[in-house]
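J.: Got a structure for you, questions after.
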Amino acid sequence: MSVFASTESVHVRAPGKINLYLGVGGRHDDGYHALATVFQAVSLYEDVIARPADDFSITVSGVDDVDSVPLDDRNLAMRAAKLLATATDYDRGVALEVRKSVPVAGGMGGGSADAAAALVACDALWGTGLSSTRMHELAARLGADVPFALHGGTAVGTGRGDQLNPALARGRFDWVLVTSEQGLSTPVVYGRLDALREEEGMLADDPPMSLDVPIPVLQALRAGDPALLAESLLNDLQAAAVFERPDLDATIQDGIRAGALHGIVSGSGPTVALLCADPESAQDVQSVLQRSGREALHVHGPVPGARIIR
Ligand code: C5P
């Protein structure tokens, strides 16, 4: 047993995210697309509890469709724990308990939040004391969105989305999230975007390999002005997500009719994120959408990244 190992359990909470801007460029040889995105962490969380154990094990509970979450090495929290153990020569295991609130395959980075939380929890449990640079490196190896789940707040992501720079954001932004029972596969949605672009006569590597986030997005965030931000919301994956799930268009339109400033598909979808002027307006929009039979949640951002709560 490692002399540094703790006998206590460690509880870490990590947020889901919205991409309030997502520009998608060309596809690299490794299959990943060049991105310029703005992430915002929102108040919908994944909880990971890590307990000392000789072997690696995981349980998952929470949102309706946890049955679709793998409990083997495909699980991102499990992969994060094993990657950290390998990177630090840790020779025992961990019993992970994952409590999910972020929709599964919802375009909100729930699996990435699990991975970030597991990294932070195991680092504390095992006393590995990795630097934040090293944690970021391991996070990026687990998935393009994992570094942001560690980081939280509001940030610009470039490269595959894993090269982060904090963005100044004043105040709080109120969002209504409309979730779907049926998730969407991220690779399928990116593949659909490539196919749609090809149909338009664009080659997969025609779109730029280096992109920037437009200045008005950053100005709206700095000003803390939801009306201004609403004008700049954009998601290049939206057409592809709507192709797979045509009902998402109506959800956005219904949200706007109910009083939202604007709405977009979150990441690769199918969650729809509706930006509202203030908490009261968000509550109204949430009520209207719930009355129409939809699952609607009121959240706010930005919130911090993965952190130990006990
Ligand atoms: O990094 P992550 O495992 O979350 O990505 C899931 C999938 O999303 C990738 O396998 C890829 O198909 C797609 N993706 C992409 N370009 C990115 C990020 C993700 O094509 N920058």
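The values are calculated or read from the model by the stated rules, or taken from the named source; none is laboratory data. The structure presented is a predicted model; accordingly, all values stated were derived computationally and were not measured. Heads up, the Cβs are rebuilt from the backbone with ideal geometry, glycines too, and the neighbour counts pull from every protein chain shown. When the accessible area is computed, the model is the full protein with side chains, heavy atoms only, and any ligands, DNA or RNA have been set aside. Shrake-Rupley method; radii C 1.70, N 1.55, O 1.52, S 1.80 Å.
J.: Short version: ³J(HN,Hα) in whole Hz for each residue of the range 156-163, in order, from phi by Karplus 6.51 cos²θ - 1.76 cosθ + 1.60 (θ = phi - 60°), x for Gly and Pro, what are they?
T.: Taking θ as phi minus 60°, the curve returns 8, x, 10, x, 7, x, 9, 8 Hz for the range 156-163.
J.: Sticking with this one: Whole-Hz ³J(HN,Hα) for each residue in the range 96-105, computed from phi via Karplus 6.51 cos²θ - 1.76 cosθ + 1.60 with θ = phi - 60°, x for glycine and proline: what do you get?
T.: Running phi through 6.51 cos²θ - 1.76 cosθ + 1.60 with θ = phi - 60° gives 9, 10, 10, 10, 9, 10, 7, x, 6, 6 Hz.
J.: Next question, about the same structure. Using only alpha carbons, build the gyration tensor for the chain and give me the equivalent ellipsoid semi-axes, biggest first, whole Å.
T.: Details: eigenvalues 204, 95, 69 Å².
Equivalent ellipsoid semi-axes, largest first: 32, 22, 19 Å.
J.: What FRET efficiency comes out for the pair L168/S210, r = Cβ-Cβ distance, R0 = 25 Å, nearest 0.05? Could the numbers behind the result be given before it?
T.: Details: r = 23 Å, r/R0 = 0.91.
The calculated FRET efficiency here is 0.65.
J.: Let me ask something else about it. Using modelled amide H (1.01 Å from N, peptide plane; none on Pro or chain starts), what sits under 5 Å from the amide H of Q163, excluding residues fewer than 5 places away?
T.: Amide H to amide H, under 5 Å and 5 or more residues apart or across chains, Q163 pairs with T158.
J.: While we're here: What does the charge count around A282 come to, taking other residues whose C-beta lies under 14 Å from its C-beta (Lys +1, Arg +1, Asp -1, Glu -1)?
T.: Values: positive: R172; negative: D174, D278, E280, D284.
Taking every other residue near A282 into account, the sum is -3.
J.: Please give the charge dipole size of the chain, origin at the Cα centre, charges +1 on K and R Cβ atoms and -1 on D and E Cβ atoms. Round to the nearest 20 debye. Write down the numbers at each step before the final one.
T.: On the way: 24 positive and 40 negative charges, 172 e Å.
Approximately 820 debye in magnitude.
J.: Sticking with this structure for a sec: Restricting attention to the alpha-carbon atoms of the range 29-136, what are Rg (one decimal) and Dmax (integer), both in Å?
T.: 14.4, 42
J.: Is there a quick way to get the dipole size of the range 47-188? I mean about its Cα centre, with the Cβ of Lys and Arg at +1 and of Asp and Glu at -1; what is the value in debye to the nearest 20? All intermediate terms of the calculation are to be shown ahead of the outcome.
T.: Numbers: 12 positive and 18 negative charges, 100 e Å.
Computed about the Cα centre, the dipole is about 480 debye.
J.: For the range 173-301, what is the largest minus smallest coordinate of the Cα atoms on each principal axis, given in angstrom and ordered from greatest to least?
T.: Taking the Cα atoms of the range 173-301, the three principal extents are 46, 35, 20 Å.
J.: Using protein chains only and a probe of 1.4 angstrom, how many square angstrom of Y32 are accessible, to the nearest 10?
T.: Per-residue accessible area (Y32): approximately 90 Å².
J.: List every residue whose amide H lies under 5 Å from the amide H of G305, counting only residues 5 or more places away in sequence or on a different chain, with H placed 1.01 Å from N in the peptide plane.
T.: G152, G153
J.: Would you list M135, M209 from the most to the least accessible area, probe 1.4 Å?
T.: Values: M135 20, M209 80 Å².
Ranked from most to least accessible, the order is M209, M135.
J.: Given points 7 Å out from each Cα along the Cα-Cβ axis, report the I308 to E137 separation in nanometres with one decimal.
T.: Here the modelled spin labels are 2.3 nm apart.
J.: Sequence-distant or interchain residues sharing an amide H contact under 5 Å with I58, placed H: which?
T.: Amide H neighbours of I58: L96.
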